[in-house]
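Worksheet: the structure to be examined is printed underneath.
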Amino acid sequence: MRGRDDLLPAMRELLERIERVPQPPFHERSAQQARATYERSAEVLDQPRQPLPVVQPLTLPRRDGGTLAARLYSPVAVLKHTPALLYLHGGGFTVGSLETHDSLCRQMAYRSGVAVVSLDYRLAPEHRFPTAVDDSFDALAALSQSGSQWGLDGTRLAVGGDSAGGTLAAVCAIMARDAGMALRLQLLITPGTTAHADTMSHERYARGYLLDARTIEWFFAHYIDREQRSDWRFAPLNAESLDGVAPAAVLLAECDPLLDEGVAYADRLRMAGVPVQLELVRGVVHDFIKMGRALRQAHQAQDWCAQALKDALW
């Protein structure tokens with residue numbers, strides 16, 4: 001392991017505290033065990049859950065006739081033509097839920113003034129690729145076509161997410177373009193965009209920076225067959241064209257295995273003529289945006305995301 005001198009002192013101290021907690025890593029557990037651990041720990045470093053006038057369950061339709069659970073957050077009590085963000089949680093397509101990202105979604109709604117719909121898409125290994133993609137786009141289509149039944153404006157819509165959720169958001173933006181769906185913004189927080197975790201940042205931050213190489217491979221193995229990994233719905237950097245997709249706000253962490261692919265995706269979007277805002281936060285690791293109890297950079301990142309949403313949707 002490197003000396004981690006590239007980390008901010010507060011970030012390095014926080015990682016040392018996390019590492020002192022005796023628990024096996026995800027890649028030594030079953031998916032069910034990892035989920036239970038993540039449910040217990042995901043919000044330990046998050047800010048306390050911000051009170052909001054509206055926090056309520058939603059049910060969204062799936063293409064196969066089933067339904068998807070979701071949760072609506074609003075900073076105003078009465079929703080009427082309110083712009084909305086569909087939020088897709090991180091967790092390697094294998095862990096994560098409405099609960100693990102509740103605090104973050106509350107902050108997004110509170111700071112931006114827009115409604116946030118958090119989606120409980122189906123997880124691997126029970127539901128392998130492309131189930132999470134299909135669920136995410138089905139939810140986006142439902143908000144676009146029928147958002148008014150919940151007081152939402154389907155013409156002022158954004159999609160966003162962190163980590164694996166950022167991947168899903170990028171894919172949804174491409175699918176929205178292809179479907180002729182109005183989409184104002186794609187908010188990509190430390191997204192994965194490549195097929196094989198083979199960039200320099202994956203090598204540089206393979207161990208000792210929270211999200212390590214063995215855990216990434218564990219996530220991938222649960223979600224998708226190796227021969228499928230070049231599919232652009234898993235690796236959006238492989239999409240044939242990004243022309244005409246929604247403007248992007250891309251938030252990256254410097255000490256993150258996913259850094260290089262996030263930069264590459266932002267560059268690819270720019271080359272396609274897509275407006276891109278790129279924010280690189282120095283000295284922090286993957287998932288830092290959910291560490292607001294310990295890092296001021298998490299608050300600043302949430303403000304940056306909120307401003308991007310305000311600019312795009314209001």
(request) Look at Arg226 and say whether it is modelled with pLDDT of 95 or more and either under 17 Å from Tyr121 (Cβ atoms) or among the hydrophobic types (A, V, I, L, M, F, W, C) (or both). (result) no
(request) Only residues that are more than 25 Å from Ile189 (Cβ to Cβ) and exposed (fewer than 15 other Cβ atoms within 10 Å of the Cβ): list them for the range 54-82, please. (result) Thr59, Arg63, Asp64, Gly65, Gly66, Thr67, Ala77, Val78, Lys80, His81
(message) Can you list residue pairs whose Cβ atoms sit under 6 Å apart, with the first residue in the range 113-133 being more than 16 Å from Ala158 (Cα to Cα) and at pLDDT 95 or above and the second being assigned to a strand (DSSP E or B) and of a type in the set (S, T, N, Q)? Count only pairs 6 or more apart in sequence or on different chains.
(response) none
(message) Being among the charged types (D, E, K, R), closer than 24 Å to Ala306 by Cβ and at pLDDT 95 or above is the requirement here; does Arg214 meet it?
(response) no
(request) Determine whether Thr215 is of a type in the set (Ser, Thr, Tyr) and part of a loop (DSSP other than H, G, I, E, B). (result) no
(message) Contact list please: Cβ distance under 8 Å, first residue in the range 85-106 and over 16 Å from Ile189 (Cβ atoms), second residue at pLDDT below 95 and aliphatic (A, V, I, L, M), pairs at least six apart or on different chains.
(response) Glu99/Ala42
(request) Output the residues belonging to the range 161-181 that are part of a loop (DSSP other than H, G, I, E, B) and crowded, with 22+ Cβ neighbours inside 10 Å. (result) Ser163
(message) Out of everything in the range 182-209 that is in contact with a strand residue (DSSP E or B) (Cβ under 8 Å, 6 or more places away or on another chain) and assigned to a loop (DSSP other than H, G, I, E, B), what residue ends up being modelled with the lowest pLDDT?
(response) Ala182
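For the range 283-314, which positions are charged (D, E, K, R) and buried (at least 23 other Cβ atoms within 10 Å of the Cβ)? Don't jump to the end; show me each part of the working.
Applying the first criterion (charged (D, E, K, R)) to the range 283-314 yields 287, 290, 293, 296, 303, 310-311.
The one that is charged (D, E, K, R) and buried (at least 23 other Cβ atoms within 10 Å of the Cβ): Lys290.
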(request) Please state which of the following conditions Arg128 fails to meet, knowing it meets all the rest: (1) under 14 Å from the mean Cα position of the chain (by Cα); (2) surrounded by fewer than 24 Cβ atoms within 10 Å (Cβ to Cβ). (result) (1)
(message) Just to be sure I understand, how many residues within the range 83-125 are surrounded by fewer than 23 Cβ atoms within 10 Å (Cβ to Cβ) and either touching a Cys at 6+ places or on another chain (Cβ under 6 Å) or part of a strand (DSSP E or B) (or both)?
(response) 0
(request) Of the numbered conditions (1) closer than 30 Å to Lys80 by Cα; (2) of a type outside the set (Asp, Glu); (3) at pLDDT 95 or above, Trp314 fails exactly one; give the number of that condition. (result) (3)
(message) Take the conditions within 30 Å of Leu183 (Cα to Cα) and assigned to a helix (DSSP H, G or I) and apply them to Arg49. Does it pass?
(response) no
(request) Any chance you could count how many residues in the range 263-298 are of a type in the set (Asp, Glu), farther than 12 Å from Leu251 by Cα and in a strand (DSSP E or B)? (result) 0
(message) Test of understanding: among Ala213, Ala248, Ala221, Ala197, which residue is among the aliphatic types (A, V, I, L, M), out of contact with any Ser or Thr (no Cβ under 6 Å at 6 or more places or on another chain) and without any contact (Cβ under 8 Å) to a residue 12 or more places away in the chain?
(response) Ala221
(message) Of everything in the range 9-32, what is touching a residue at least 24 places away in the same chain (Cβ under 8 Å) and closer than 12 Å to Tyr209 by Cα? Give them in sequence order.
(response) Met11, Leu14, Leu15, Ile18
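Can we say Glu240 is in a helix (DSSP H, G or I), of a type in the set (D, E, K, R) and at pLDDT 95 or above?
no
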(request) For Arg40, indicate whether it is under 22 Å from Ala124 (Cα atoms) and surrounded by 15 or more Cβ atoms within 10 Å (Cβ to Cβ). (result) no
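The values are calculated or read from the model by the stated rules, or taken from the named source; none is laboratory data. The model shown is predicted, which means the values in this text are computed figures rather than measured ones. Note that each Cβ is placed from the backbone with ideal geometry, even for glycine, and that neighbours are counted across all protein chains shown.
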